[in-house]
Structures are given as C-alpha cells and as structure tokens.
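The values are calculated or read from the model by the stated rules, or taken from the named source; none is laboratory data. These numbers were taken from a predicted model, which means no experiment stands behind them. Neighbour counts are summed over all protein chains in view; Cβ atoms, including those assigned to glycine, are modelled from backbone coordinates with ideal geometry. In case anyone asks, the SASA skips ligands and DNA or RNA and just uses the protein heavy atoms, side chains included. Shrake-Rupley method; radii C 1.70, N 1.55, O 1.52, S 1.80 Å.
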Amino acid sequence: MGNGVKEGSVGLREDAKAVLSTPVSSKADHRQVLSSLLSGALAGALAKTAVAPLDRTKIIFQVSSKRFSAKEAFRVLYYTYLNEGFLSLWRGNSATMVRVVPYAAIQFSAHEEYKRVLGRYYGFRGEALPPWPRLLAGALAGTTAASLTYPLDLVRARMAVTPKEMYSNIFQVFIRISREEGLKTLYHGFTPTMLGVIPYAGLSFFTYETLKGLHREYSGRQQPYPFERMIFGACAGLIGQSASYPLDVVRRRMQTAGVTGHPRASIACTLRTIVREEGAVRGLYKGLSMNWLKGPIAVGISFTTFDLMQILLRRLRS
C-alpha cells in the first residue's frame, strides 16, 4: 500500500510538471521567435542600407543593354550624384526597407524554426545539423521569406531604375502598376526569383553555419569574434550570390519590363534575348563583379548583426 501511495504521488508530480512546463515552454518558444524576428529585421536593414548605392547601380546595369565595367559603374554613381544629388544614390531604399525588414525577419526566424524542426526529425535535437538538412533549412527559409514579400521586391526594382518624376513613392508604384499593367504584374518574375533563392539562401546559410562549426571544432571557442563572423558571412554571400546570379539578372529584367522598353516575356524568352543580344557570360553575369563587392559586405553585416543581437537578447532575458 505504501508503495502504491508513493508511486501515485510520484506520478502526480510528474503529471503536474508536464502540465506546468507546457505553457513555460510555449512562452519560451514565442520569445525565441520574437527574438529572431527582431534580430533579422535589424540585420537586414543595416546590411541593405550599407550597400544601397552599389545595389542600385547593379540593377541599372542588369536591366539595360549597357556593357558593365568598374569604370562605367563608377560613372553611373558619379553622374547620379551630380544630376540628382547625394541622397539619390539611396533612391528606392525606402522600398528596400519596406521589403527587406519583413523579408530578413521572416528569413532568419524561419531558418531558426526549420533548424529546430529538422533537428527533431533527424534526431539532432540541440546539435548542429548534418550537411543536407542544413542546406535544406536555408533553402526553405529563403523561399518562405521571398514568397511572402515578393511584390515589395518588384516595387523596389522599379523605383531603382526610374526617375523620381515617374514614381514619387512606394504607394504610387503599387497604384500605377495595378491600374496600367494589372495586379498580375506584381508577381512578374516570381518563378526565377524562387529558382534563384533556393541555391542562394541554401548555400548562404549552409556556408555560414558550416564555417562556424569548423571554427568551434578547430579553435576550441564556442563563439567566433565579430570580425570572424563578418568573414564567414562574406564567404557565404560570395558563394550564394555567385551560384544564383544569372537568375537574378533574369528576374530583374522581367520585373522592370514595363518601364525599360523590354518586352514582357517568359523566363526562357528573357534568357534567350539576353544571350542573343549580350552574350551568355557578359549578359547573364553582368554586374557580378560589383556583387562580389557588395554581396559579401551585405551578407557579412547581416549574419553578424543577427548573431550578436541574438546573444544580446539572450543575455537581457537571463
């Protein structure tokens, strides 16, 4: 009888612990998601603002038939500054912020969640994921974020390649596209975006997480220094953007077809036109050298900011 009472009381205590731990665990999960969203939003905003003039110049070359060179890129930057003023170098950055803040917040938060889900599925709870699930987590995070914020990306591209007189603000871009070209235009170029974001996000997150894992293994330190995170992020950006760059050129050409004089066409037709008119390498990799400059900087800032914000918020909570 004594044993029965003892076992019963132990069972009750365990049940009580399970009931009490559920809301606590749920609350911790919510905090973690909010932390990831906030860190991701700040990371994306800082990274994109830092490279906005280079990004705008790259888009101008991507959507035109101009031949790209470092000298021509500098000339575009210089004449934009002379003719339109210093702040014009950040034209379209407000649209970028409207897009990139939710995009980065969703992407980083989704990546953390996908890592947890895949970790449980593959039995790596609390440990670093093996290569394939790590690659999959990054790809899924990128496609989730891109799917939810795509029209904002199109609006930002339109603002980057048009004069101020054509579109004075973000809302006017949405209104004019809806009236003059139809709502479907807001998703023009969506398919190449999805095809490009899978290798880009997958390889970026995979490279960054892999380099952090190798650093832990060989340095004996759990956390890299900020400058080391920047280097890991730069490598991630370099690899991710190089792998997906031709699709980035195609989607920009499709997004801006209504205002640059290029006919609205499918992915295959746009590819053929670029290759026929400008050549495979010169056309599909136009501006890649500028991306090698701005991409590693942006991704390095982005990953480093996210990690440091996560560490700061964890310390504040504890």
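Under the condition of being among the hydroxyl-bearing types (Ser, Thr, Tyr) and closer than 16 Å to LEU135 by Cβ, which residue from the range 187-208 is surrounded by the most Cβ atoms within 10 Å (Cβ to Cβ)?
SER204
Evaluate the following for MET159: is it more than 16 Å from ASN93 (Cα to Cα) and among the aliphatic types (A, V, I, L, M)?
On the way: more than 16 Å from ASN93 (Cα to Cα): no; among the aliphatic types (A, V, I, L, M): yes.
So MET159 does not fit the description; no.
Beta carbons closer than 7 Å, at least 6 apart along the sequence or on distinct chains, pair a first residue in the range 38-53 that is farther than 18 Å from GLY142 by Cβ and among the small types (Gly, Ala, Ser) with a second that is surrounded by 22 or more Cβ atoms within 10 Å (Cβ to Cβ) and modelled with pLDDT of 90 or more for ALA50/ALA298; ALA50/ILE301. Here GLY295, GLY300, GLY279 are screened, and the one residue that is modelled with pLDDT under 90, within 23 Å of PRO199 (Cβ to Cβ) and in contact with a helix residue (DSSP H, G or I) (Cβ under 8 Å, 6 or more places away or on another chain) is GLY295. Against the test of being among the hydrophobic types (A, V, I, L, M, F, W, C), under 28 Å from TYR81 (Cα atoms) and in contact (Cβ under 8 Å) with a residue 12 or more places away in the chain, the options ALA201, ALA145, ALA160 yield a single qualifying residue, ALA160. Quick check: anything in the range 111-128 assigned to a helix (DSSP H, G or I), touching a residue at least 24 places away in the same chain (Cβ under 8 Å) and within 15 Å of the chain's Cα centre (by Cα)? There is at least one residue in the range 111-128 that is assigned to a helix (DSSP H, G or I), touching a residue at least 24 places away in the same chain (Cβ under 8 Å) and within 15 Å of the chain's Cα centre (by Cα).
On inspection, ARG229 passes the criterion of being among the basic types (Lys, Arg) and at pLDDT 90 or above. Selection of the range 273-294 for residues being touching a residue at least 60 places away in the same chain (Cβ under 8 Å) and either open to solvent by 60 Å² or more (accessible area, probe 1.4 Å) or of a type in the set (Gly, Ala, Ser) (or both) yields GLU277, ARG282, GLY287, SER289, LEU293. Listed by first and then second residue, the pairs with beta-carbon distance under 7 Å, at least 6 apart or on different chains, first residue in the range 173-188 and farther than 12 Å from VAL155 by Cα, second at pLDDT below 90 and in a helix (DSSP H, G or I), are GLU181/GLY258. On the stretch given as the range 151-170, residues that are open to solvent by less than 20 Å² (accessible area, probe 1.4 Å) and under 21 Å from VAL51 (Cβ atoms) total 9. Every residue in the range 235-272 that is under 28 Å from PHE174 (Cβ atoms), open to solvent by 40 Å² or more (accessible area, probe 1.4 Å) and without any contact (Cβ under 8 Å) to a residue 12 or more places away in the chain, please. Once the filter is applied, which keeps residues that are under 28 Å from PHE174 (Cβ atoms), open to solvent by 40 Å² or more (accessible area, probe 1.4 Å) and without any contact (Cβ under 8 Å) to a residue 12 or more places away in the chain, the range 235-272 yields GLY261, PRO263, SER266, CYS269. Residues considered: GLY138, GLY119, GLY142. Of these, the only one that is of a type in the set (Gly, Ala, Ser), surrounded by 15 or more Cβ atoms within 10 Å (Cβ to Cβ) and out of contact with any helix residue (DSSP H, G or I) (no Cβ under 7 Å at 6 or more places or on another chain) is GLY119.
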